[in-house]
Structure formats: structure tokens, C-alpha cells
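Asker: Input: one structure, supplied below.
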Amino acid sequence: MYFDIGDETVWNPSNGAGRLFMRQLEVFEAELELPSGIGQGKYWGDPHTLEVDPAAYADFVRGLVDRHCRTGHSVILALSEGFVATALALARRAGIEVEMPEPRSGDVRGGVQRDVQVPGDPLTASAAAVTTLDRRARELDHWMPR
């Protein structure tokens, strides 16, 4: 598969890895209620060539990273870490700057918590989530062929 921005291929995963990424992309688009900006490429009808819209993908990845780093839910973190790190590595390759959120220190942003984990402190994982995600995205960039 080829993930292209214009004439540049930013990622060329195996078909299996690409299909899995695209299926997970659909899940997170629905969860975030944001389009990813990844769609059919210039060779219409070729499922192996996908075009990345940098502006839409930037919004998507920023929302994805923010949500991931602001949850303290261990199961959600475990289920999403690999996908979010891969999406972040792809964004960085595309020249998209994504600021890592500041770790929380006891406040609940916006006054409403979603997906509260019981038992447990929903605030304890945020600093670790930010650090782990950034490290994992850097590692994955090494293993993602162009």
C-alpha cells in the first residue's frame, strides 16, 4: 500500500498492515467524529494507493493524540496506543507538527470525564501516556518503510 501526499509516498506498509491501519482508522474517525483526511488516491479504483490530505489529517491526529493522552483508562490506553503511535509517526513524516499535551496534575479538563475507570485514579496515567506515546511513535518511524 502507498500513503501519498501529492507525489511523495510517506508510508509504504505491507498490505496486511495497511488494511489493519485503515480499519482502525475508521474506528477512530467514528470515535472522534472527525474525518481522517486519508482516502482514495490519484489512481481511482486502486485500493493500494491512498492520498493523505495534510490539513484534515493534522486535525485528526491532533484530536487523536489529545484524547489518548487525556484518558486515564487503562483498557482504552492499551487498545489504542499502537494505532495512535502509528498515526502520530505518519503525521510527523508528513511534516505535520503535533504538540504533545501537557500532563495533567489533578484537574479534570472541561469538568466532564468520559470513560471513567473504576477502580482507579483516572488522572494517574496521563503523564505516562504522553511519554510512552511519544517514544513509541519515534520507534515506529524506524520500522515504517517509505
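The values are calculated or read from the model by the stated rules, or taken from the named source; none is laboratory data. What you are looking at is a predicted structure, and each value in this text was computed from that prediction instead of being measured. Using ideal geometry, Cβ is built from the backbone for each residue, glycine included, and neighbour counts are taken over all protein chains shown. Side chains included, ligands, DNA and RNA excluded: accessible areas come from the protein's heavy atoms. Shrake-Rupley method; radii C 1.70, N 1.55, O 1.52, S 1.80 Å.
Asker: Please report, in Å, the Rg and the Dmax of region 1-90, where both are computed over Cα atoms only.
Answerer: When restricted to Cα atoms, region 1-90 yields Rg and Dmax of 13.1, 42 Å.
Asker: Moving to a separate point now. When the accessible area of region 24-105 is computed with all protein chains present and a 1.4 Å probe, what percentage of it is carbon and sulfur? Walk me through the numbers on the way to the answer.
Answerer: Numbers: 2150 of 4050 Å².
Percent of accessible area from carbon and sulfur atoms in region 24-105: 53.
Asker: Could you order LEU79, LEU32 by accessible surface area, starting with the largest, using a probe radius of 1.4 Å?
Answerer: Result of the area sort, largest leading: LEU79, LEU32.
Asker: Can I ask one more? How would TRP143, TRP11 line up by accessible area, probe 1.4 Å, largest first?
Answerer: Sorted descending by solvent-accessible area, the residues read TRP143, TRP11.
Asker: Okay, moving on. Probe of 1.4 angstrom, ligands and nucleic acids ignored: what's the accessible area per residue over region 1-67, in square angstrom?
Answerer: 54 Å²
Asker: Now for a different question. Students often check this: by mean Cβ neighbours within 10 Å, which of 19-27, 88-96 ranks highest, and how do the rest follow?
Answerer: With the highest mean Cβ count within 10 Å placed first, the list reads 88-96, 19-27.
Asker: Could you order ASP134, ASP59, ASP4 so the one with the most accessible surface comes first? Probe is 1.4 Å.
Answerer: ASP59, ASP134, ASP4
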